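Participant: The structure is given below, and queries will be raised subsequently.
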Amino acid sequence: MSQDGQTHSDRVKFIYNAQFPAATAVVLNYLLNNPHFTGRQGRQQGMDAMMAFYRPLAEEFHGELSVSEIQEMARHCVERLAKQIADLCDRYHITNPTANSPTAPAGDFSRLEAVLEQCLSRIADALQSGAPIPRATAAPNLEQGVDMDGSELGDLAQVLSSTGPSSSN
């Protein structure tokens, strides 16, 4: 019972009616009457999509979780939203707007990581053995140019040579 003497249910009832041609009606109809899943699964998918955005905000409003718990929840929700975005982009063959965002990784750094780990391991081994660490030779004079045969560019060299110089006038 609440302070005013009325009973308080621990359930929240959410009922929503929408009328065609409203977009909400189209979405709800898709979720409830899709031949690829049951109406119950459709309701769950709709709730999952809504929770992916609103859950951290609701938990913050509710006030029972710590900031770090809400942050972890928000990270998980962002991952779910990113997957939803990627799925839509793949299905409709459109550019993913989050793929080139400043917060997204620029690419696969596993090769760079492996090289750095190998170099650091060699330095650590040299320090432990007491052997002198070889010093770099003098830097080349860049004003004289650098000899390159094109292999340094990998696949990019092939792409550049196949396109040739631009002849737009």
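The values are calculated or read from the model by the stated rules, or taken from the named source; none is laboratory data. The shown structure was predicted, so the numbers you read here are calculated from the model rather than taken from an experiment. All Cβ positions, even for glycine, are placed from backbone atoms using ideal geometry, and neighbour counts span all protein chains on display. Heavy atoms of the whole protein, side chains included, go into the accessibility calculation; ligands, DNA and RNA do not. Shrake-Rupley method; radii C 1.70, N 1.55, O 1.52, S 1.80 Å.
Participant: Separation between the residue 14 and residue 27 pseudo-spin-labels, each 7 Å from Cα along Cα→Cβ, expressed in nm?
Facilitator: So the two model labels end up 1.1 nm from each other.
Participant: Right, something else. Taking the Cα-to-Cβ direction at residue 83 and at residue 50 and moving 7 Å from each Cα, how far apart do the two end points lie in nm?
Facilitator: Computed distance between label sites residue 83 and residue 50 equals 2.0 nm.
Participant: Also: When a/c is below 1.5 the answer is rounded, else prolate if a/b is larger than b/c, else oblate, so apply that to the stretch 25-99 with a ≥ b ≥ c taken from the square roots of the Cα gyration tensor eigenvalues.
Facilitator: On the way: a/c = 3.10, a/b = 1.39, b/c = 2.23.
Oblate is the answer for the stretch 25-99, as a/c is 1.5 or above yet b/c matches or exceeds a/b.
Participant: Next up: Rolling a 1.4 angstrom probe over the protein chains, ignoring ligands and nucleic acids, what is the accessible area of residue 54 in square angstrom, nearest 10?
Facilitator: We get 130 Å² for residue 54.
Participant: Let me ask you something else. Sorting 13, 83 by accessible area (1.4 Å probe), largest first, what list results? Display every interim value, and only then the final one.
Facilitator: Details: 13 170, 83 120 Å².
Output order, biggest surface exposure first: 13, 83.
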